[in-house]
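Read the structure below first, then the notes.
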Amino acid sequence: MNATLAQHMGTYLLILLAVSLFIYVAIRLIQSFSTERIEKGSGSRQSLSAANGVYHFIDKIRLRQLQVSAGILAAGLLVGILLFCEVYNPLAIFGGAAVVFALAFQLPRIHFARKANKRAIEFEASILDLAMGLTNALRSGQALPQALEAFSKRCEGPMKEELTVVIREYRLGLELAEALQRMYERIPSEDLQLLIVSIRLTTQSGGSLADVIQRITQTIRARTEFHQKLMALTAQGRFEALAMSLAP
């Protein structure tokens, strides 16, 4: 009996070691294969200066590498568990491994997508402050580039990151309107688009930029207040619906 138990334990140990070795080798191969491509792609990522969404946090190739590694790891662990539990049905092993691989493959993207969404929300909440800051700076006699730079030094978070990119691109010779448009393309926002279009049209027509941005500020403030009230009413409605469903 003891000999049989020892034999089974030895078999299980060998299976786990084999699966672990397979996972390690697969991940190392993926890393070595993608290292050269990552180095080649790093320059293009830096030239974009702050990619939008998921790729703001991680390079596209590194994300794919992480996805494949997560899928292989999860599938390998499942295979090891099934073999340890003496499940030798090929359909169950390969079918389960394929499903687990597909699910684990999506986890890294979901993680970074949530981070990107959080960053976009933080940026959206700072647009009103940006419009107010530009209005005050322009009325004090500053030009628009100086007003943007001054505000970038006072703000924090995603807005500071994006304005820093805009100012750097402007100093490298890009038109300010184009640099602002590139910021909108990186992190789209209706309020930001309204502000950028107003700046471009006013700059071309020669009107008072401070007055125009002040009116835009009032519009953004009204939209923000309406959105907050709508969210509050929606949350209240959900709470009332939950209370009604729980009532006897």
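All of the numbers you see were taken from the coordinates with simple rules; none came from a lab. Predicted model only: the values in this text are computed from it and were never measured. Cβ: placed from backbone, ideal geometry, glycine included. Neighbour counts: every protein chain shown.
Calculate one ³J(HN,Hα) per residue across segment 149-158 by plugging θ = phi - 60° into the Karplus curve 6.51 cos²θ - 1.76 cosθ + 1.60, and present them in order as whole Hz with x for glycine and proline.
So the Karplus estimates, Gly and Pro as x, are 5, 5, 5, 4, 7, 9, 7, 9, x, x Hz.
Under unit Cβ charges (Lys, Arg +1; Asp, Glu -1), what dipole magnitude, rounded to 20 debye, does segment 88-224 have relative to its Cα centre?
About 240 debye.
Which lysines does Lys229 reach when only Cα atoms under 30 Å apart count, and residues fewer than 8 places away in its own chain are ignored?
Cross-link targets: Lys115, Lys118, Lys160.
For segment 169-175, just list the computed ³J(HN,Hα) in residue order, Karplus coefficients 6.51, -1.76 and 1.60, θ = phi - 60°, integers in Hz, with x standing in for Gly and Pro.
Whole-Hz 3J(HN,Hα) from phi for segment 169-175: 5, 5, 5, 7, x, 7, 4.
Tell me the volume per residue, in Å³, of the convex hull enclosing the alpha carbons of segment 126-165. Please list the in-between numbers first.
On the way: hull volume 2.1 nm³, N = 40.
Expressed per residue, the convex hull around the Cα atoms of segment 126-165 is 52 Å³.
Distances longer than 17 Å among the Cα atoms of segment 120-246: what percent of all pairs is that? Could the numbers behind the result be given before it?
Details: 4840 of 8001 pairs.
When every Cα pair of segment 120-246 is considered, 60 percent fall beyond 17 Å.
Apply the Karplus parameterisation 6.51 cos²θ - 1.76 cosθ + 1.60, with θ equal to phi minus 60°, to every residue of segment 62-68 and state each ³J(HN,Hα) to the nearest whole Hz, in sequence, with x for glycine and proline.
Residue by residue, segment 62-68 yields 5, 5, 4, 4, 5, 5, 5 Hz.
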